[in-house]
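Accompanying notes for the structure given below.
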Amino acid sequence: TAVKKFESSREDLSKLSIFSLLNSNHASWLQGEVEKYLTTGIPTTTQREVEAIRPCGDAFPVAIGVSEMEGPDGEPYFAVYMHDLSERKRMLKIEAEKAAAEYLLFNMLPETIAGRLKNDPSHIAESHSFAAVLFADIVGFTSMSSMMEPQEVVSMLNDLFSMFDEVVERYDLNKVKTIGDCYMVTSVPGIVGDEEEHCRRLCHFGLDMITTLHRYNEEGHDRKLDLRVGLNCGPVVAGVVGTKRFLYDLWGDAVNLASRMESTGIPGKVQTTGHVAEMVKDDFYFEKRGMVKVKGKGEMETYFLTGRKKPYEKPRETPKRRLRLDSKQDANYIRESIRAFEATLLDVINEPDQMHRIHE
């Protein structure tokens, strides 16, 4: 095995010192372990991942250690052992790349949709008999951005939309996409509940968007922003489109009308259709705006969502969406888990029948 791993003859290998097969730093560590054993008489139990060097100069990872053994004459002696980690490293790299790809997929798409796409890469299309849809748009963004540096525009949108993303997570909603300065959110496919619950969550979110924007403006940013927000509900068709960059999108008259509620709205207000206002009138305050000319619909009576009659109460059973690190404690837990995994890997590196421990 050593002849194969070091790509050298048995005769040539027998002439080499174990220290010459390691890089200088790792050879120094091993020399120290041997000297410690010879000085104290206490064998080391340390196993370490190091870099072995082939005679041609190529390097490869190994696990190396020193152990005490008993010779044929009964005298103790120590042996240095190596285990090639190349294949293990290759497999771990593949697993890491797979995990990274899944992480990106689950952050691009709703969790349930990402899970289905992972198991079946064919197109996903579904019909929802009811969904709530919200559009928000920054007032005067086009003229404002034309006077800003590109980096400033991106930074501004990133700061604001990141704050909105936190609110999306709070209500277990689905951010469908952002197009320029437009921010689109829907209640499907995440919400499990009656039709009122769909509207209720989006209404809470719409009010919190306005509050969040005020907080953004109070943080001392150079430019003060304002929003138009529109909300509607009804049946939609949803699905994943594309093969390169997946996008979960929604279509239907309810979606178009939600967009019209935004475009015909007033800065700083959440405009809704009469359907929304009627459905959640027991939970929120609405102000009748009157008749508004809506493209493709003619004159429609619309309402402004002005406040809550009762605070938001999250249902007891709400499906989890994405893994998020909510505190330093969570981050530390994950770091410790990784260290424990690495330690387990070294423990079973030469025991294939124990590989189930890695998966556990």
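General remarks:
- Database remark: amide H of Arg289 closer than 5 angstrom to the amide H of Thr302, Tyr303, Phe304 (H placed geometrically; neighbours at sequence offset of 5 or more, or on other chains; Pro and chain starts carry no H).
- Put simply, the amide H of Phe130, placed in the peptide plane, has neighbours under 5 Å in Val236, leaving out anything fewer than 5 places away on its chain.
- Counted residue by residue at 0.36 nm each, then reduced by the alpha carbon distance between them, the extension gain from Asp194 to Ser86 reaches 33.5 nm.
- Dipole in debye (nearest 20) - segment 152-207, about Cα centre, beta carbon charges: Lys, Arg +1; Asp, Glu -1: 80 debye
- Ordered from largest to smallest accessible area (heavy atoms of protein chains, 1.4 Å probe), the residues Leu38, Leu157 come out as Leu38, Leu157.
- Full extension of the chain between Lys293 and Ser155 yields a length gain of 46.1 nm, computed as 0.36 nm times the residue separation minus the alpha carbon distance.
- Charge dipole of segment 186-316 about the Cα centre (unit charges at C-beta), most positive-ward option of Thr306, Cys203, Val292: Val292
- Accessible surface of segment 186-307, 1.4 Å probe: 48 percent of it comes from carbon and sulfur atoms.
- Rounded accessible area of Lys89 (nearest 10 Å², 1.4 Å probe): 80 Å²
- Protein-only accessible surface order, largest first, of Lys293, Lys309, Lys93 at 1.4 Å: Lys293, Lys93, Lys309
- Close amide H contacts of Val176 (hydrogens built in the peptide plane, cut-off under 5 Å, sequence separation of 5 or more or a different chain): Met184, Val185, Thr186.
The values are calculated or read from the model by the stated rules, or taken from the named source; none is laboratory data. Given the structure is predicted, the values throughout are model-derived calculations rather than measurements. With ideal geometry, Cβ positions are generated from the backbone for all residues, glycine too; neighbour counts draw on all protein chains shown. Note: areas computed on protein heavy atoms with side chains; ligands, DNA, RNA excluded. Shrake-Rupley method; radii C 1.70, N 1.55, O 1.52, S 1.80 Å.
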